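Colleague: This is the structure, below, for whatever I ask next.
The values are calculated or read from the model by the stated rules, or taken from the named source; none is laboratory data. Remember, it's a predicted structure, so these values are computed and weren't measured experimentally. Note that we place each Cβ from the backbone using ideal geometry, even for glycine, and neighbour counts take in every protein chain shown. Surface accessibility is based on the protein's heavy atoms, side chains included, excluding ligands, DNA and RNA. Shrake-Rupley method; radii C 1.70, N 1.55, O 1.52, S 1.80 Å.
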Amino acid sequence: MLTSVVDRTGEADAQAVQATFEGVERRYAGHGLRIGWPVAIEVVRMPIMGATRSANGSHTLFASLDAVRSNAFDGLLAHEAGHMLRTEARHPSHDPAGFERMGRAVRLPREGLQALGEAFNHVQDVYADDLSFLTGFDDRAHEFFRVWIEGNSRARSRDRWTNVSRSVTNGFALGNLRRHGLLPEGDPLTDLARSFDRRAGLAAVDEFADFFATLPSDPTAEGFVDRVKALAASMTRAAHARSL
């Protein structure tokens, strides 16, 4: 239910943005999925491709100008719409009522909190993509995640937790592809992600990939908290393990 498109850059075609979003809505409707809350889109200058803020029964989707100009814009909109659908359905991964319970249950050293926040975003992304991949944009997913893993491979840090976070991101990329049958046996992306771990003194990316690939589709609230606790424990072990 798109209510407005606002171009805050002065360089986007608002009508084209609207048409692309409506095309994504039609693809979702073919699977019986419809966004119930009003949606406003704002085209802005931002360092990431996009993000959605959902509050008070409405969604605001922020799309970067770079995303609007890319050939992946429809895929981005499908992904963000997946977040909207999960929020409206109060899926445990997107239910604010469960976040406080998760915050009490999950423990991590202070220096690992940012890494856990990024990892939790990836958990939410998996559940959003379980929906967005239904709409037929998975054909570009492998290339998208290849760029992520290549970027991480060039960005090794002296900080242990930063490297753990990058290993989690690589694991998310591999696990999400594998979850949808898009990571063939022997795919070079797996070797690339493992090579980052070796250079960073880690051996965790396969465990992280397994975690994301096998997240239960419809967990209970308690079961979801348990899965996030397990992820935090894996990250802590990786951070504290003796460098290889």
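Yes/no matrix, rows are residues, columns are (1) small (Gly, Ala, Ser); (2) assigned to a helix (DSSP H, G or I); (3) farther than 27 Å from Asp226 by Cβ:
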site	(1), (2), (3)
Met102	no, yes, no
Gly112	yes, yes, no
Ala128	yes, yes, no
Glu143	no, yes, yes
Gly151	yes, yes, yes
Leu174	no, yes, no
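Colleague: Hey, another quick one. Of all the residues that make up region 61-74, how many are open to solvent by 20 Å² or more (accessible area, probe 1.4 Å) and within 19 Å of Gly23 (Cα to Cα)? So that I can check it myself, show each step before the final result.
Modeller: Restricting attention to region 61-74, the residues satisfying the condition of being open to solvent by 20 Å² or more (accessible area, probe 1.4 Å) are 62, 66, 68-72, 74.
Going one step further and asking which of them are within 19 Å of Gly23 (Cα to Cα), we end up with 62, 68-72, 74.
Of the residues in that region, 7 qualify.
Colleague: Follow-up. Evaluate the following for Thr214: is it closer than 29 Å to Met102 by Cα, among the β-branched types (Val, Ile, Thr) and open to solvent by 20 Å² or more (accessible area, probe 1.4 Å)? Talk me through it step by step, then tell me what you get.
Modeller: Details: closer than 29 Å to Met102 by Cα: yes; among the β-branched types (Val, Ile, Thr): yes; open to solvent by 20 Å² or more (accessible area, probe 1.4 Å): yes.
Judged against the criteria, Thr214 is a match.
Colleague: Next up: Name the one entry in Arg110, Arg101 that is closer than 30 Å to Glu222 by Cα, out of contact with any helix residue (DSSP H, G or I) (no Cβ under 9 Å at 6 or more places or on another chain) and modelled with pLDDT under 95.
Modeller: Working: Arg101 fails: out of contact with any helix residue (DSSP H, G or I) (no Cβ under 9 Å at 6 or more places or on another chain).
Exactly one of Arg110, Arg101 is closer than 30 Å to Glu222 by Cα, out of contact with any helix residue (DSSP H, G or I) (no Cβ under 9 Å at 6 or more places or on another chain) and modelled with pLDDT under 95, namely Arg110.
Colleague: Which condition does His180 not pass, out of (1) open to solvent by 30 Å² or more (accessible area, probe 1.4 Å); (2) of a type outside the set (Ser, Thr, Tyr); (3) farther than 27 Å from Asp95 by Cα, if it passes all the others?
Modeller: For His180, the exception is condition (3).
Colleague: Within the group Ala40, Ala16, Ala55, Ala29, which residue is of a type in the set (A, V, I, L, M, F, W, C) and within 24 Å of Phe144 (Cα to Cα)? Walk me through how you get there before you give the answer.
Modeller: Details: Ala40 fails: within 24 Å of Phe144 (Cα to Cα); Ala55 fails: within 24 Å of Phe144 (Cα to Cα); Ala29 fails: within 24 Å of Phe144 (Cα to Cα).
None of the others qualify; the one that does is Ala16.
Colleague: Also: Counting only residues that are more than 17 Å from the chain's Cα centre (by Cα), closer than 22 Å to Asp130 by Cα and of a type outside the set (D, E, K, R), which one in region 59-95 is modelled with the lowest pLDDT?
Modeller: Per the criteria, the residue is Asn71.
Colleague: When you look at Gly117, is it assigned to a helix (DSSP H, G or I), loosely packed, with under 14 Cβ neighbours inside 10 Å and under 12 Å from the mean Cα position of the chain (by Cα), yes or no? Reasoning before the result, please.
Modeller: Values: assigned to a helix (DSSP H, G or I): yes; loosely packed, with under 14 Cβ neighbours inside 10 Å: yes; under 12 Å from the mean Cα position of the chain (by Cα): yes.
In short, yes.
Colleague: Name the residues in region 1-34 that are part of a helix (DSSP H, G or I), free of Cβ contacts under 8 Å to residues at least 60 places away in the same chain, aliphatic (A, V, I, L, M) and open to solvent by less than 50 Å² (accessible area, probe 1.4 Å), would you?
Modeller: Ala14, Ala16, Val17, Ala29
Colleague: In addition: Name the single residue that is nearest to Glu111 (Cα to Cα) among those in region 142-201 being touching an Asp or Glu at 6+ places or on another chain (Cβ under 9 Å) and among the hydroxyl-bearing types (Ser, Thr, Tyr).
Modeller: Residue satisfying both the conditions and the ranking: Ser165.
Colleague: Which residue pairs have Cβ atoms under 7 Å apart, sit 6 or more places apart or on different chains, and have a first residue in region 124-148 that is more than 27 Å from Met102 (Cα to Cα) and a second that is small (Gly, Ala, Ser)?
Modeller: Close Cβ pairs (under 7 Å, with a partner that is small (Gly, Ala, Ser)) amount to Thr135/Ala78; Phe137/Gly75; Phe137/Ala78; Arg140/Ala72; Arg140/Gly75; Phe144/Ala72; Phe145/Ala173; Trp148/Ala173.
Colleague: OK, next. Given the condition surrounded by fewer than 16 Cβ atoms within 10 Å (Cβ to Cβ) and hydrophobic (A, V, I, L, M, F, W, C), answer yes or no: does some residue in region 157-172 qualify?
Modeller: Of the residues in region 157-172, the ones surrounded by fewer than 16 Cβ atoms within 10 Å (Cβ to Cβ) are 157-159.
When the remaining residues are screened for being hydrophobic (A, V, I, L, M, F, W, C), the result is none.
Looking for residues that are surrounded by fewer than 16 Cβ atoms within 10 Å (Cβ to Cβ) and hydrophobic (A, V, I, L, M, F, W, C), one finds none in region 157-172, hence no.
Colleague: Testing Val39 on (1) surrounded by 15 or more Cβ atoms within 10 Å (Cβ to Cβ); (2) under 30 Å from Ala230 (Cβ atoms), one condition comes back false. Which one is that?
Modeller: (2) is the only condition that Val39 fails.
Colleague: Okay, moving on. Starting from region 39-50, take each residue that is free of Cβ contacts under 8 Å to residues at least 40 places away in the same chain and outside any loop (DSSP other than H, G, I, E, B) and list its partners that are surrounded by fewer than 15 Cβ atoms within 10 Å (Cβ to Cβ) and hydrophobic (A, V, I, L, M, F, W, C), counting only C-beta distances under 8 angstrom and pairs at least six apart or across chains.
Modeller: As it stands, the answer is Ala40/Val6; Ile41/Val6; Glu42/Val6; Val43/Val6; Val43/Ala14, since those pairs meet every condition given.
Colleague: Determine, yes or no, whether Ser153 is at pLDDT below 95 and either of a type in the set (Ser, Thr, Tyr) or touching a strand residue (DSSP E or B) at 6+ places or on another chain (Cβ under 6 Å) (or both).
Modeller: Working: at pLDDT below 95: yes; either of a type in the set (Ser, Thr, Tyr) or touching a strand residue (DSSP E or B) at 6+ places or on another chain (Cβ under 6 Å) (or both): yes.
Considered against the rule, which asks whether it is at pLDDT below 95 and either of a type in the set (Ser, Thr, Tyr) or touching a strand residue (DSSP E or B) at 6+ places or on another chain (Cβ under 6 Å) (or both), Ser153 comes out as yes.
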